[in-house]
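This report refers to the structure that appears directly beneath it.
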Amino acid sequence: MKLTPFNSARLHQWLSHRQGLLVCGIIGLAAVVIGCATANRLIIAPPQIAGATFVGSDSCATCHEKITKKFATADHARLKAPGKNAVDAGCESCHGPGSKHVESGGGLHTIVNPRKNPETCFACHLDKRGKFNLPHSHPVLAGKVSCNDCHNPHEGAGFAGGKSLLVRDDTCIKCHSAQRGPFAFEHEAMRDGCTTCHDAHGTVNAKMLKSRNANLCLKCHVQEANSSVLVGGMPHSALLRTGTCWTAGCHEAVHGSQTNSTLRY
């Protein structure tokens, strides 16, 4: 359709307006990035304790030398601001201002203990608060499990087992000992780690599985030939319609079996 001069003008005006919005959006985003990168104050407020003031992490080291000595290796240490900015961004960013704790000689009720209250962790890890509200999750909100049961905020990679997947799984095995094995026939996924199949914080699926159906298994175990789904060289197109791999009477021993190489029983 041929545009009239009037329509052409309106179109040019609309395009100019959209271009202006795009430029403003880019400038605004840049301002936010620059603002966050150059801010010399805390973006997230630390826990508050009535009447207490910040004393700095050096005061904590007086009594908690064993913890503070290793803190430099922790992922959380990278959040500590340098120089004067560290006054309220070291230990006290998670435990709250420590003046009353120091004055009382280490009184337990004068400092925040994140082990007993996950809200301190949620201040930064907002997505994890959401996951713990899903139908299937570790009972952190109920107070039966603590973030510290799996994570070490004072040392290393922030995970109780460090970066090694094998050591990391030891964290899960502390409670889920039945899945430890050893098994005569081990599920290969166990070598990749528990979080290959499970979301440790929570999901909408039973047993905190990342997927509720055979798609979970098919991420690793799938081939295709002549429009047929093959698993282990065997046609599975019809079998997949009967239910999940672990409930259809085929592979019940999903972690490992003592009797069957195809993880039955």
ask   = Calculated FRET efficiency, H64 and H176, Cβ-Cβ r, R0 35 Å, to nearest 0.05?
value = 0.65
message = Test of understanding: ordering E155, E252, E92 by Cβ neighbours within 10 Å, fewest first, what list do you get?
response = E252, E155, E92
query = Cα centroids of region 85-150 and region 237-253: how far apart, whole angstrom?
reply = 42
note = Nearest-0.05 FRET efficiency for T262 and L134 at R0 = 35 Å, using Cβ-Cβ distance, is 0.65
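Quick one: which of K66/K144; K66/K116; K100/K144; K66/K100; K69/K131; K69/K128 span more than 24 angstrom between C-alpha atoms?
Pairs exceeding the cut-off: K66/K144; K100/K144; K69/K131; K69/K128.
Where a number appears in this text, it was derived from the coordinates with a stated rule and is not lab data. The shown structure was predicted, so the numbers you read here are calculated from the model rather than taken from an experiment. Using ideal geometry, Cβ is built from the backbone for each residue, glycine included, and neighbour counts are taken over all protein chains shown.
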